[in-house]
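Take a look at the structure below.
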Amino acid sequence: MNLKIAVLPGDGIGPEIIEQAIKAVNAVCHKFGHTPEFNYALTGAVAIDQTGDPYPPETHELCLQSDAVLFGAIGDPRFDNNPKAPVRPEQGLLRMRKQLGLYANIRPVETFPSLLHKSPLRRDLVEGADFVCIRELTGGIYFGEKGRKENGNVAFDTCTYSREEIVRILKLAYEFAGKRNRKLTVVDKANVLESSRLWREVAQELAPQYPDIETDYMFVDNAAMQIIQWPKKFDVLVTENMFGDILTDEASVITGSLGLLPSASIGIHTSVFEPIHGSYPQAAGKNIANPIATILSAAMMFEYAFNLNMEGKIIRQAVAASLEAGYVTVDIAEGTSRSTSEVGDWIASWINNN
Ligand code: IPM
Ligand code: MG
């Protein structure tokens, strides 16, 4: 199969971790007889520096013309510390999501047996935890009306959802739950927010269409607590954009490191595969960042974008083998730690040899 992959390394550690994912993709393609074609494009702060635009039209065009997008990370402290910056790297990511119609962000939270001791939670709580958070990605407060009034002294962001947006993400979440353990938790703040009340209303209308799936409803503050207290009770969670952003960073610590969690953003046009972590500028160029979240995002790319499950599986097996062998970066190492590129090379050669 010919696989046309747009590669958007972005900022900070983005280029380093993407390079390791490409090694894994090449190894898998070599093994299974696929021909990858990688086309690189600019996004984030590097794109602002070179073109003034964090998601230039050429980048969008390339994404549209590709079978999948592999994305590194974006964000730069130069902008984080300047609330008055007229244009920000994050706007590139948000525009990419919106323009590609990526309304569903799939964030699986799985534990690795060899890393259970790295979790800040007790082993008996996390062992076997395995759930998926489905985050709505193109609506809500991220995209609602926002602005300043009263001479800039009052600011507002609006959380808006339409019935159609809620139906489409809930349907996708029900499909996921149907393929898993048939339990869907709808997370909202319906005791306070009108947009959440519409979510709950729509969910209650849809639930009877899925009689074999158990639906429950949870307020987001309670969900934040229960994810940590009883991570094993969840199967599929579905929630609006910002709740999903916050809950998945929280959920990532269950596995022991934010550097381990991949994601897939799917919807109308080309799907995007990216780690859930940020651009970790303090580590940029140091060859120390954990490439596993990005390598696992490449596994999701094979499964979701190309329907090539064996290819995804061997990447997962290679990652598990590196964790078991303790061939890992400093964030999860016990004794000797390995560099980003060493871990990437190890995983690629495991794929070649197995
Ligand atoms: C994420 C990130 C982004 C988000 C930022 C970088 C805009 O935190 O993908 O979770 O908030 O969606
Ligand atoms: Mg986030």
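Build a GNM of the chain with springs between Cα atoms under 10 Å apart, and of 158, 185, 255 the one that fluctuates most is 158.
In nm, to one decimal, how far is the residue 282 label point from the residue 81 one, both placed 7 Å along Cα→Cβ? Modelled inter-label distance: 1.4 nm. Rolling a 1.4 Å probe across all protein chains gives residue 242 an accessible area of roughly 70 Å². Potential lengthening of the chain between residue 230 and residue 354 amounts to 41.0 nm, from the contour at 0.36 nm per residue minus the alpha-carbon distance. When shorter helices are ignored and each DSSP H run of at least 4 residues is given -39500 (n - 2.57), the per-residue value for the chain at 222 nm works out to -12500 deg cm²/dmol.
With a cut-off of 12 Å between beta carbons, the residues surrounding residue 44 carry a summed charge of -3, where Lys and Arg count +1 and Asp and Glu -1.
Each residue of region 134-139 was assigned a 3J(HN,Hα) from its phi angle through the Karplus curve 6.51 cos²θ - 1.76 cosθ + 1.60 (θ = phi - 60°); the sequence is 9, 9, 5, 10, 10, x Hz, with glycine and proline shown as x. Fully extending the segment from residue 39 to residue 153, taken as 0.36 nm per residue of separation minus the present Cα-Cα distance, adds 36.6 nm. If you take all other residues with their beta carbon under 15 Å from the beta carbon of residue 269, and give Lys and Arg +1 and Asp and Glu -1, the sum is +3. By the Stokes-Einstein formula, at 1.002 mPa s and 20 °C, region 109-178 with its Kirkwood radius over alpha-carbon pairs has D equal to 135 µm²/s.
Spin-label model, residue 49/residue 321: points 7 Å from Cα along the beta carbon direction are separated by 3.7 nm. With no solvent and one point per C-alpha, what does the Debye sum give as log10 I(q)/I(0) for region 120-255 at q = 0.11, 0.22 Å⁻¹? At q = 0.11, 0.22 Å⁻¹ the computed log10 ratios are -0.42, -1.34. The GluC sites (Glu not before Pro) of region 126-157 that DSSP puts in a loop, and whose beta carbon has at most 12 other beta carbons within 10 Å, are 145, 150. Pairs over the 30 Å Cα-Cα cut-off, from the set 23/118; 98/171; 23/286; 171/233; 31/98; 183/313: 31/98.
Other residues whose C-beta falls under 14 angstrom from the C-beta of residue 232 contribute a net charge of 0, scoring Lys and Arg +1 and Asp and Glu -1. Where both bridge residues fall in the chain, DSSP classifies roughly 40% of the beta bridges as antiparallel. With r as the distance between the Cβ atoms of residue 183 and residue 205 and R0 = 22 Å, compute the FRET efficiency 1/(1 + (r/R0)^6) and round to 0.05. It comes out at approximately 0.70.
Going toward the positive end of the dipole of region 120-255, with +1 on Lys and Arg Cβ and -1 on Asp and Glu Cβ, which of 226, 192, 125 do you reach last? Farthest towards the positive end: 125. Within the chain, the proportion of C-alpha pairs whose separation exceeds 29 Å stands at 40%. Using a probe of 1.4 Å, the accessible surface attributed to residue 61 totals some 90 Å² when neighbouring protein chains are kept in position. Considering only beta bridges that DSSP places wholly inside region 120-255, some 20 percent are antiparallel. Centre-to-centre separation between the Cα atoms of region 143-202 and those of region 226-294: 19 Å. Computed over protein heavy atoms with a 1.4 angstrom probe, the accessible surface ordering of 280, 304, 161, 210, largest first, is 280, 304, 210, 161. Among beta bridges from DSSP that stay inside region 1-148, the antiparallel ones total about 40%. Label zone of residue 58 (point 7 Å out along Cα→Cβ, amide N under 17 Å): in region 32-50 this covers 38-50. Under a model in which nothing but the beta-carbon of Lys, Arg (+1) and Asp, Glu (-1) is charged, the chain shows a dipole of about 220 debye around its Cα centre.
The values are calculated or read from the model by the stated rules, or taken from the named source; none is laboratory data. Computed from a predicted structure; not experimentally measured. Using ideal geometry, Cβ is built from the backbone for each residue, glycine included, and neighbour counts are taken over all protein chains shown. SASA here: full protein model, heavy atoms, side chains in, ligands and nucleic acids out. Shrake-Rupley method; radii C 1.70, N 1.55, O 1.52, S 1.80 Å.
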